[in-house]
């Protein structure tokens with residue numbers, strides 16, 4: 001990897017300074033800064049929660065919970081990471097608490113064979129929705145920390161180092177959680193060949209073993 005150029009380093013420094021200034025203004029009660037921060041980070045927060053939780057009926061409430069925690073903690077932001085990464089870290093914690101509080105579904109995965117039309121965009125879209133439903137139904141039943149590591153590293157494709165930063169863990173711990181999550185998922189998918197194949201395909205398309 002080539003070292004960053006002086007111009008790139010200057011751009012990074014300017015972005016960090018902007019983040020820090022915005023955070024300080026928002027923490028001081030500046031409503032325009034708070035609105036700017038919310039609009040700038042909402043998509044990132046939504047993306048993080050969605051990747052961890054899937055299509056969840058409580059997603060909008062959890063976005064609001066995340067921003068409550070973000071605004072409460074702004075005074076502690078020091079610019080050591082980007083503001084986006086800092087907000088993603090808080091969103092990950094909110095997702096972890098949400099998973100820890102709720103009970104897993106009382107029924108096992110439904111072994112449903114889809115009756116879909118010929119190969120076309122509609123069929124593919126329906127297949128992907130069903131695969132996502134089955135995957136997140138299985139993820140509902142595994143350890144929250146393993147679920148989060150798997151969702152971020154495998155489903156979202158983030159490098160292990162980034163997942164470790166988001167979850168305040170070591171790279172080794174994240175790697176172990178991803179491995180255990182995949183092992184658990186494959187066991188739970190043993191009666192569902194569609195899900196089993198999907199989990200196996202994720203392993204080949206995502207390079208989560210690399211930091």
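The values are calculated or read from the model by the stated rules, or taken from the named source; none is laboratory data. Note that the structure is a prediction, hence the values are computed from the model and not measured. Cβ sites come from the backbone with ideal geometry, for glycine too, and all protein chains shown count toward neighbours.
Quick one: would you say residue 99 is at pLDDT 95 or above and under 29 Å from residue 154 (Cα atoms)?
No.
Anything in the range 163-181 that is surrounded by fewer than 21 Cβ atoms within 10 Å (Cβ to Cβ), assigned to a helix (DSSP H, G or I) and free of Cβ contacts under 8 Å to residues at least 40 places away in the same chain? List them, or say none.
Those that are surrounded by fewer than 21 Cβ atoms within 10 Å (Cβ to Cβ), assigned to a helix (DSSP H, G or I) and free of Cβ contacts under 8 Å to residues at least 40 places away in the same chain: 172, 173, 175, 176, 179, 180.
Can you pull out the residues in the range 156-186 that are closer than 17 Å to residue 99 by Cα and within 12 Å of the chain's Cα centre (by Cα)?
166, 167
Could you grab the pairs with beta carbons closer than 8 Å, sequence gap of 6+ or different chains, first residue in the range 10-34 and more than 21 Å from residue 66 (Cα to Cα), second one not in a helix (DSSP H, G or I)?
Within 8 Å, the pairs are 12/4; 15/82; 16/79; 16/82; 17/79.
Kindly indicate whether any position in the range 87-102 is touching a residue at least 60 places away in the same chain (Cβ under 8 Å), on the phi > 0 side of the Ramachandran plot and touching a helix residue (DSSP H, G or I) at 6+ places or on another chain (Cβ under 8 Å).
No: the range 87-102 contains no residue that is touching a residue at least 60 places away in the same chain (Cβ under 8 Å), on the phi > 0 side of the Ramachandran plot and touching a helix residue (DSSP H, G or I) at 6+ places or on another chain (Cβ under 8 Å).
For residue 7, state whether it is outside the structural domain of residue 194 (by TED's automatic domain parsing), at pLDDT 95 or above and either assigned to a helix (DSSP H, G or I) or out of contact with any helix residue (DSSP H, G or I) (no Cβ under 6 Å at 6 or more places or on another chain) (or both).
Here the answer is no, as residue 7 does not meet what is asked.
If I ask for residues that are assigned to a helix (DSSP H, G or I) and surrounded by fewer than 19 Cβ atoms within 10 Å (Cβ to Cβ), which ones from the range 189-201 would you list?
First pass over the range 189-201, keeping only residues assigned to a helix (DSSP H, G or I): 193-201.
Listed by number, the residues that qualify are 193, 194, 196, 197, 200, 201.
Looking at the range 70-83 only, could you name the residues that are under 20 Å from residue 152 (Cβ atoms) and either at pLDDT 95 or above or buried (at least 19 other Cβ atoms within 10 Å of the Cβ) (or both)?
Once the filter is applied, which keeps residues that are under 20 Å from residue 152 (Cβ atoms) and either at pLDDT 95 or above or buried (at least 19 other Cβ atoms within 10 Å of the Cβ) (or both), the range 70-83 yields 70, 83.
For the range 27-56, how many residues are surrounded by fewer than 12 Cβ atoms within 10 Å (Cβ to Cβ) and part of a loop (DSSP other than H, G, I, E, B)?
3
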